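The values are calculated or read from the model by the stated rules, or taken from the named source; none is laboratory data. Because the structure is predicted, anything quoted here is derived from the model rather than measured. Glycine gets a Cβ as well: all are built from the backbone with ideal geometry, and neighbour counts include every protein chain shown. What goes into the accessible areas is simple: the full protein's heavy atoms, side chains included, and nothing from ligands, DNA or RNA. Shrake-Rupley method; radii C 1.70, N 1.55, O 1.52, S 1.80 Å.
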Amino acid sequence: FGCILFNDPSIWEMVTVRRYSDGTLTATSSGAVITMPARPSTYHPHWQSTRHLRATCDDLQVEVELDDLDPYIEYSGLSAASRLTNDEIGRWNRQFTEAWSLLTRRHYEVAVAIAAGVRTLVPLTDRETSGVASATLRYASGAVLLTPQTDSTRLACTLVHELQHSKLN
């Protein structure tokens, strides 16, 4: 859904989250209480929403989360990217839309499988090389961890490749 931000993100503390029947949430930590409406607006000083990538081609639609909220993801020398800027989101969206068109027009059955099986893309940074990398995890079915891809064809290939790993897992 998103991430509730307290004023000092460097402190590790227990947070109590309560959801009420009207959908509002309260998050309490060290006496500080943040109340979130059921559907926070695009901007709220204590809220970062999960963003989505959507694409449609030849009446086949896909939507995935673009999860750049968890700073603690790390896998085989790769670490979570910082919160993406609007320009970076735009690049991801353009590349994803182009990749979706390529998959839908040339590999329709694979595109159908991706639409059903891939739910989340997790942007990573590569600390050791400047190349592209991707991964899936046994315990996170439907999630693809990946560094920014060089182009839409590479992204399409990566989605197909990682979907196969998810099936095997």
Exercise. Determine the calculated [θ] at 222 nm for the chain from helices alone, applying -39500 (n - 2.57) to every DSSP H run no shorter than 4 residues and normalising by the residue count; nearest 500 deg cm²/dmol.
Key: -9500 deg cm²/dmol
Exercise. For the stretch 138-144, just list the computed ³J(HN,Hα) in residue order, Karplus coefficients 6.51, -1.76 and 1.60, θ = phi - 60°, integers in Hz, with x standing in for Gly and Pro.
Key: 4, 8, 9, 4, x, 9, 10
Practice problem: Identify, among V118, I4, A156, the residue whose Cα sits farthest towards the positive end of the charge dipole of the chain, taking +1 on the Cβ of Lys and Arg and -1 on the Cβ of Asp and Glu, with the dipole about the Cα centre. | Solution: V118
Quiz item: Modelled label-to-label distance, L137 and C3, 7 Å Cα→beta-carbon offset: nm?
Solution: 1.5
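Rounded, prolate or oblate for the stretch 9-84? Axes are the square roots of the Cα gyration tensor eigenvalues, ordered a ≥ b ≥ c, and the cut-off for rounded is a/c under 1.5. Walk me through the numbers before you get to the answer.
Values: a/c = 2.78, a/b = 1.33, b/c = 2.09.
Here the stretch 9-84 falls in the oblate category.
So how strong a dipole does the stretch 48-169 carry about its Cα centre when Lys and Arg Cβ are +1 and Asp and Glu Cβ are -1, to the nearest 20 debye? Let's see the in-between values first.
Working: 12 positive and 16 negative charges, 32 e Å.
Here the size comes out at about 160 debye.
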Quiz prompt | Under 5 Å, built H, 5+ apart or other chain: amide partners of W47 | solution = L5
Exercise. For the stretch 105-155, just say rounded, prolate or oblate: build the C-alpha gyration tensor, square-root its eigenvalues into a ≥ b ≥ c, call rounded for a/c under 1.5, and beyond that prolate if a/b exceeds b/c, oblate if not.
Key: oblate
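Please arrange Y20, Y72 by accessible surface area, largest first, computed with a 1.4 Å probe and ligands excluded.
Numbers: Y20 105, Y72 145 Å².
Most to least solvent-accessible, the answer reads Y72, Y20.
Restricting the count to DSSP beta bridges whose residues both fall in the chain, what percent are antiparallel, rounded to a multiple of 5? Working shown, then result.
On the way: 27 of 33 bridges.
Bridges in the chain are about 80 percent antiparallel.
How large, in percent, is the carbon and sulfur part of the accessible surface of the chain at a probe radius of 1.4 Å? Before the final figure, lay out each step's value.
Working: 5230 of 10490 Å².
After summing per-atom areas, the C and S share lands at 50 percent.
Given a Förster distance of 22 Å, report the FRET efficiency between A116 and V17 from their Cβ-Cβ distance, rounded to the nearest 0.05. Could the numbers behind the result be given before it?
Working: r = 31 Å, r/R0 = 1.40.
Taking R0 as 22 Å, the efficiency between A116 and V17 is 0.10.
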Quiz item: Can you pull the accessible area of I89 for me, 1.4 Å probe, Å² to the nearest 10?
Solution: 30
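Keeping every protein chain present and rolling a 1.4 Å probe, give me the accessible area per residue for the chain in Å².
Numbers: 10490 Å² over 169 residues.
On a per-residue basis, the chain sits at 62 Å².
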Quiz item: Roughly how many nanometres apart are two label points built 7 Å out from the Cα toward the Cβ at H44 and Y108?
Solution: 4.2
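Rounded, prolate or oblate: which fits the stretch 27-134, taking a ≥ b ≥ c as square roots of the Cα gyration tensor eigenvalues, rounded meaning a/c under 1.5, else prolate when a/b beats b/c?
On the way: a/c = 2.43, a/b = 1.47, b/c = 1.65.
Verdict is oblate for the stretch 27-134.
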Exercise. Take every DSSP beta bridge with both residues inside the stretch 65-152 and express the antiparallel ones as a percent of the total, to the nearest 5.
Key: 55
